[in-house]
There are 2 protein chains.
Amino acid sequence: MLTSRSVLRALALACALVVSTQASAQSAAARQAAAKQQPLPATYRPEFGTMWTFDAPPLDYWRRTYGFAPDQKWLDHVRLSSVRLPNCSASFVSSRGLVMTNHHCGRDCTAASSTADSNYIQTGFAARTVADEKKCAGLYVDQLQSIQNVTDRVRGAITGKTPAEQGAQRSAIIAQIQTECNQQTQLNCQVVSLYNGGIYSIYRYRRFTDIRLVMAPEGDIAFFGGDPDNFTYPRYDLDLTLLRVYENGQPYSPPDYLKWSPAGAVENELVFVVGNPGSTGRLNTISQMEYLRDIGYPASLAAYKRALAIYAELARTDTSAARRYQNDVFGVANSQKAVTGYRVGLLDTLSMAKKRAFENEFRARIAADPNLQAQYGGTWDAIARAQQELASFTPQLRYRSFGGNSALLQLAAGLVRVATESSKPDSARLPQYRGPGLNNIKAQLSQAAPIDTAFERLAIAAQLRAAQGALPANDPFLQVALHGRTPEAVAADLVRNTRVGDVAFRQSLLQGGEAAVNASTDPLIVWVRAVDPLAREVTTRANALNAIIAANSEKIGQALFAAYGTALPPDATFTLRISDGVVKSFPSNGTIAPYKTTFYGLYERSAAFDDKDPFKLPQRWVARKNNLDLATPYNFVSTNDIIGGNSGSPVINRNAEVVGLVFDSNIEGISNRFIFSSDVGRTVSVHSRGIVEALRNMYDGSRIADEIQGR
Amino acid sequence: MLTSRSVLRALALACALVVSTQASAQSAAARQAAAKQQPLPATYRPEFGTMWTFDAPPLDYWRRTYGFAPDQKWLDHVRLSSVRLPNCSASFVSSRGLVMTNHHCGRDCTAASSTADSNYIQTGFAARTVADEKKCAGLYVDQLQSIQNVTDRVRGAITGKTPAEQGAQRSAIIAQIQTECNQQTQLNCQVVSLYNGGIYSIYRYRRFTDIRLVMAPEGDIAFFGGDPDNFTYPRYDLDLTLLRVYENGQPYSPPDYLKWSPAGAVENELVFVVGNPGSTGRLNTISQMEYLRDIGYPASLAAYKRALAIYAELARTDTSAARRYQNDVFGVANSQKAVTGYRVGLLDTLSMAKKRAFENEFRARIAADPNLQAQYGGTWDAIARAQQELASFTPQLRYRSFGGNSALLQLAAGLVRVATESSKPDSARLPQYRGPGLNNIKAQLSQAAPIDTAFERLAIAAQLRAAQGALPANDPFLQVALHGRTPEAVAADLVRNTRVGDVAFRQSLLQGGEAAVNASTDPLIVWVRAVDPLAREVTTRANALNAIIAANSEKIGQALFAAYGTALPPDATFTLRISDGVVKSFPSNGTIAPYKTTFYGLYERSAAFDDKDPFKLPQRWVARKNNLDLATPYNFVSTNDIIGGNSGSPVINRNAEVVGLVFDSNIEGISNRFIFSSDVGRTVSVHSRGIVEALRNMYDGSRIADEIQGR
């Protein structure tokens, strides 16, 4: 699925780029950039994907490729029919405000709507009448009203010489633009930085806050196949929630909504996905990608493996542990699958060769213009040098730390560092302890939280064991952390004897300040005090290098926009995009994966696994099987460009009719994060005909089906 | 499927190892070898697979692994219930001589049984009564009566000093043993060389020659999914033919036949495959495997790619060509899939590391015994040196030749070489022209054969173009073959102006002998005459090296048997083997491939491809769908060790009951040719319950179903 632990991280990043501001007229910078834009035949690079913004649709490219280029009315209609949920995408699909999104996007509301006698995640829910629709507390949907380029105004306000001055000025002007816009328009205004600051655009949203649950199927059919089938295809999921937007207590009648296609997605037809992709890394330089491929991701994968081994070890000796850790295990397994997929793309020599060819061309374009060369010519090498230096002490950075999976270690490190950092001026503190950070961390430390000592012992031991393997034998950390003892012995002693898990003990240390922490004889506090200087040494060095990389990455984005204009789409920013693609089968597993699946396949996969979890069918699907036309299209794949955040996006045809509902990517598509390719990567969607078939014949939902089909 | 172009090549090789002979008593050499046999825990190596001979079943290993070791009665019963077809495996499955094999194994009989009004490949066939069963002309089945070790007698007869003397003596003693056995037993006796001559065993077969067709489904259901699904899983094929053995015009009642399992294959159960695997390469040394991986197979794959490009080019300009070349294209695509699979195994660094570890241990065992070291110690290095030298001129060997895909080139080369070789004494000729070879080649050259000039032009041009890419620029071949012109121009001229395609012209040159060939001004003859010395230079050198490799490979086999005895099974020889395995799902495509499929999946795959060829269902399967219980198991996978020749093998449980019918390997299993692994490689079989369900409810075949179920 496309919202997940890693995707939530991506969204956190994306949201950092989404800040409110106010409108300004089409800027000189944007006009200049548009004039500079290269003709698409020469410059469109498939590896940058197709996440186009609505203010720069690639009409020539579409016309040339598909013989189809929509007019402004079509684009406006599609944009206004699309909405954004807090962490997903969605769309209006009826004249009475019905909103279609994924089951996992509406899951909180579906769970919260359950009563003492009912569990709608387990049983599904379909409101018989409008009166039965259930209010979703806290949920809202945002509808994008307009986009305007404010690059000149943002740039004009940045006059400082140092990055710190510039950053403060940027934040200030963005806040000012946002406040003005909010006041003038009564809309929710957000400034979006595209191309890492190559363009700043104001996105103005209308927010709807009365949202109600209309229909959600059983979790077991929405997420049929569970963790194994997650991120794969062929697929058989009804990953659907239907909500309704209300205004003044009545169903809202949106002027723009998507009509329903009678045929649904058909093989080889052009389709568009309209939604809010969260975060991509296509602007990464080769040296950044090589670092991730060779160092960053392998280390993450090793950590996931350690975590899974711990859960497996706990489950081996404690039968209830398997159930207790189920969600954690799923989260780690999902991240493992995603990161493995990202890395597959980076390991593909052909993809990397394409990326390298692009980078060479890009650098040549910059070098050809003396002004651009002066501004941006040095960025690639600056990043590469910083990455190289980072790589030289990555094991130290990773293992001289209080990370890993241990909660106790993190709590103890917080206590020691709060004490040290509190006594410094704000600007001299470690970054997380600056501004409101310090008090947030204090608050976390003051809260009671259960400590799973069996898990803690294994987690600390595993982390130290890995450190032994990764660090040179003479690294001072090993001496300080182990004193010649085994990781398992050290971990057992620390966990057995520390009081850090006791919230009262933590509160007393917080109150006692630096003196109390320094005087503490708690073995874990003592241990952290001893290790901390070694950890700080490498963290400080890494922070400086990461700042260089961040500053130069921003320049790369600006250089890209200067050289190519909007011929290449910007990286994803959890803002509205339109991606073109084709409904298409792909080579898989030595044969062909078909462009669609049908309900036959759902029953096949369940029967093939003897109806065992996670391939168990909900009772309704067993009892009512004969109601269904099993040959009805159920899921399908297309070559559109999506990523986490696109969950719930509508798939539409050239008539702007709904043909499907995006809910996942196949395993081959995961590597599209860095280098897009439609050779085998695919977007996976629920087929519009499958939705109607299920509504009518499984959920007694003809009322709803009639509404979306306009009957 | 498991008989195929490449498999037929494998079978040709296997048959070279199967020659008739006569029984002798259990030999001293065998007793000595058995005494030397190492205990299995220390020496069983999974990478050698599980193709066990019936005279050396690994009872301890089975007992330890599965808690099951059959007694001699069980083994004899299973052996006598199994039979061999000319190129497939099969088994008796009823008391009245019913024989079960694959559809593709009985295909010739099914096609030949069709009448003017009927095409049984298209419509399927099920005899209503015994009287309706159709005689299969020329078909026979062989039943293995007994095995006896004759190593001493063969070895004792080999006293010569030179390989040529030894070879002649070996052939003579084998022929003598066979003739004696045939006369004494009235059986069909064949001496089999196992472990490349480590053991010689006499296999005595009873041959049945009155074979009749009882039932065969439509080709489209037997080979559902066609070329794309070939060598893959999940799968949905009813790859079945039922034959009946007759004796004296009446159904034969075999004393031993396999009973039918009521439950069929069940997840995680122990199952055995009993059949005749054709050829494996597990005795190859690391240097041989590296040569195939880095040089041999890449060159073959490049050649397949060239051939497919030619067919595609022809189809582009000529709409009828696609149909005309369909079989050729399928053959090349099948080889391409197989060779790609073989190479995947060789590219797997983990598998190769295991193989390397084994080779080191093997060599250490030999080195530990001075006698063995003296006999075999030098073989690995001798092979490696020869492979290395071969590698040094592989491009010359491949492109200074008359091979490739052109028939004209092969004909012209035959004419020129017949003329030259005829004038030499037999032993001085190129190997193919020795003995009866010369006349065979003359006969081929004298036969009319259509020449496809469009194809020829493209094939010769592609071959020359590839030579340009592969040979150093100063290779004399390029000068002689091209004279500075483009490959396309040379090919066009040669094909346009040669008369070699004309059988009368060829016959005149054959009659005219060397003088006529030397005087010919036919441009293709002139071209071959010019190239031939360059070709002979590298061929002669390669022949000498290949002879060294062959002689040393034989020694490796003998050394293996000397060091490990029958703890490791010998390479496949198209003789009866029993392989243990487990019915088991496997990780695939980011998720799990289930251990079985059901009829739901057949309808899913057809519907997902909109019932398009090769996923089109026969009319019967559309019309009678509702007769079926769609949840019935249809195909399944297990970890047994199979290869081409195993087609039609029964899969049996520990009660010796039929639970399935082998028909293919998954794509991951193809690489088992060299290094066996059951991590993801699987045997694909038709499930016994699927067979009965189809017989009863699709083919009005309750008569037959009752018979195999013993009702």
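The values are calculated or read from the model by the stated rules, or taken from the named source; none is laboratory data. Keep in mind the model is a prediction, meaning the values are calculated, not measured. Because the Cβ atoms are built from the backbone with ideal geometry, glycine has one as well, and the counts that use them run over all protein chains shown. With ligands, DNA and RNA removed, areas are computed over all heavy atoms of the protein, side chains included. Shrake-Rupley method; radii C 1.70, N 1.55, O 1.52, S 1.80 Å.
By the Stokes-Einstein formula, at 0.890 mPa s and 25 °C, the range A:159-214 with its Kirkwood radius over alpha-carbon pairs has D equal to 186 µm²/s. Ignoring aspartates and glutamates fewer than eight residues from residue A:337 along the same chain, the ones with Cα atoms less than 12 angstrom from its Cα are A:227, A:229, A:668.
Within the same chain, aspartates and glutamates fewer than 8 places from residue A:259 are excluded, and of the rest, those with a Cα less than 19 Å from its Cα are A:71, A:76, A:269, A:580, A:657, A:693, A:706, A:707. Taken over the protein assembly as shown, the percentage of Cα pairs per 10 Å bin, counting from 0 up to the bin with the maximum distance, is 1, 7, 13, 16, 18, 17, 13, 8, 4, 2, 0, 0. The convex hull built on the alpha-carbon positions of the range B:484-602 has an orientation-averaged projected area of 18.2 nm². For the modelled label position 7 Å from the Cα of residue A:354 along Cα-to-Cβ, which residues of the range A:563-599 have backbone nitrogen atoms closer than 13 Å? Within reach of a label on residue A:354: no residues. Across the range A:209-266, the mean sequence separation of Cα contacts (distance under 8 Å, 6 or more residues apart), normalised by length, yields a relative contact order of 39 percent. By the compact-protein rule of thumb, 2.2 N^0.38 Å, the alpha-carbon radius of gyration of the range A:619-711 corresponds to a ratio of 1.25. The distance separating the Cα centre of the range B:499-531 from that of the range A:40-114 comes to 70 Å.
Semi-axis lengths, largest first, of the ellipsoid equivalent to the range B:124-179 are 45, 13, 8 Å, with √(5λ) applied to each eigenvalue of the Cα gyration tensor. A P(r) calculated from all alpha carbon pairs of the range A:303-439, with 5 Å bins opening at zero, reads 2, 7, 9, 10, 12, 13, 13, 12, 10, 7, 3, 1, 1, 0 percent.
Once you place label points 7 Å from the Cα toward the Cβ at residue B:451 and residue A:654, how far apart are they in nm? A separation of 4.9 nm, rounded to one decimal place. Couplings 3J(HN,Hα) for the range A:422-434, derived from phi with the Karplus relation 6.51 cos²θ - 1.76 cosθ + 1.60 (θ = phi - 60°), are 4, 7, 9, x, 3, 5, 8, 6, 4, x, 5, 9, 7 Hz, where x marks Gly and Pro.
Backbone phi angles across the range A:346-355, fed through the Karplus curve with coefficients 6.51, -1.76 and 1.60 (θ = phi - 60°), yield HN-Hα couplings of 6, 7, 6, 5, 5, 4, 5, 5, 4, 4 Hz in residue order; Gly and Pro are listed as x.
Averaged over all directions, how much area does the convex hull of the C-alpha atoms of the range B:582-655 cover when projected, in nm²? Don't skip to the answer; put the middle values down first.
Working: hull surface 29.0 nm².
Directional mean of the projected Cα hull area for the range B:582-655 stands at 7.2 nm².
Using a 1.4 Å probe on the heavy atoms of the protein chains only, list every residue of the range B:599-644 that has 30 Å² or more less accessible area in the complete assembly than in its chain alone. Residues passing the criterion (a loss of at least 30 Å², heavy atoms only) are B:600, B:604, B:605, B:607, B:608, B:609, B:610.
Need the full-extension length gain, residue B:543 to residue B:489, defined as separation in residues times 0.36 nm minus the C-alpha distance. One decimal, nm.
On the way: separation 54, 0.36 × 54 = 19.44 nm, distance 3.28 nm.
Here the segment from residue B:543 to residue B:489 would lengthen by 16.2 nm.
State whether chain B is rounded, prolate or oblate according to the following rule on the C-alpha gyration tensor (a ≥ b ≥ c being the square roots of its eigenvalues): a/c under 1.5 gives rounded; otherwise a/b larger than b/c gives prolate, and the remaining case gives oblate. Here chain B falls in the oblate category. The helix-only estimate of mean residue ellipticity at 222 nm for chain A, built from DSSP H runs of length n ≥ 4 each weighted as -39500 (n - 2.57), is -15000 deg cm²/dmol after division by the residue total. May I ask you to list the aspartates and glutamates whose Cα is less than 20 Å away from that of residue B:424, ignoring any residue fewer than eight positions away on the same chain? Residue B:424 reaches B:514, B:532, B:537.
Given the Cα atoms of the range A:384-450, and with Rh set as the inverse mean 1/r over their pairs in the Kirkwood sense, what is Rg to Rh to two decimals? Walk me through the numbers before you get to the answer.
Numbers: Rg = 14.5 Å, Rh = 13.7 Å.
Across the range A:384-450, the Cα-based Rg/Rh ratio is 1.06.
A protection proxy built from the mean count of other Cβ atoms within 10 Å ranks the segments B:430-436, A:250-256, A:416-422, A:111-117, most packed first, as A:416-422, A:250-256, B:430-436, A:111-117. A simple count of charges around residue A:153, restricted to other residues whose Cβ falls under 13 Å of its Cβ and scoring Lys, Arg +1 and Asp, Glu -1, yields 0.
Counting every Cα pair in the range B:172-297, what percent are over 24 Å apart? Mind dumping the intermediate values first?
Values: 4912 of 7875 pairs.
So the portion of pairs separated by more than 24 Å is 62 percent.
Computed from the C-beta positions of residue B:302 and residue B:680, the FRET efficiency with R₀ = 25 Å rounds to 0.40. When each of the peptides A:124-131, B:600-607 is scored by the mean number of other C-beta atoms lying within 10 Å of its residues, the order from highest to lowest reads B:600-607, A:124-131.
With all pairs of separate Cα atoms included, the range A:459-514 yields a Kirkwood hydrodynamic radius of 12.8 Å.
Which loop-located trypsin sites (Lys or Arg not before Pro) does the range A:284-334 contain, where loop means any DSSP state but H, G, I, E or B and the Cβ has at most 11 other Cβ atoms within 10 Å?
On the way: sites: A:293, A:305, A:306, A:316, A:323, A:324; in loops: none.
Sites meeting the loop and neighbour criteria: none at all.
Using the structure shown, select from B:135/B:584; A:616/B:354; B:161/B:442; A:305/B:355; A:305/B:584 the pairs with a Cα to Cα distance greater than 31 angstrom.
Details: B:135/B:584 39 Å; A:616/B:354 39 Å; B:161/B:442 34 Å; A:305/B:355 27 Å; A:305/B:584 24 Å.
Beyond 31 Å between Cα atoms: B:135/B:584; A:616/B:354; B:161/B:442.
Considering only B:143, B:415, B:160, the residue lying farthest towards the positive end of the dipole of chain B is B:160, judged by Cα position with unit charges set on Cβ. Counted by Cβ distance under 9 Å from residue A:270, the other residues give a net charge of -1, where Lys and Arg count +1 and Asp and Glu count -1.
Legend: calculated FRET efficiency, residue A:516 to residue A:432, from the Cβ-Cβ distance at R0 = 22 Å, rounded to 0.05, equals 0.55.
Here the range A:192-252 is treated as a sphere whose radius is the Kirkwood value from Cα pairs; by Stokes-Einstein at 25 °C and 0.890 mPa s it diffuses with a coefficient of 160 µm²/s.
Normalising the Debye intensity of the range B:69-161 to I(0), with uniform scatterers on Cα atoms only, and taking log10 at q = 0.10, 0.11, 0.15, 0.25 Å⁻¹ returns -0.45, -0.51, -0.75, -1.35. Under the classification rounded if a/c is under 1.5, otherwise prolate if a/b is larger than b/c and oblate if not, where does the range A:93-249 fall, given a ≥ b ≥ c as square roots of the Cα gyration tensor eigenvalues? Because a/c hits 1.5 or more and a/b exceeds b/c, the range A:93-249 counts as prolate.
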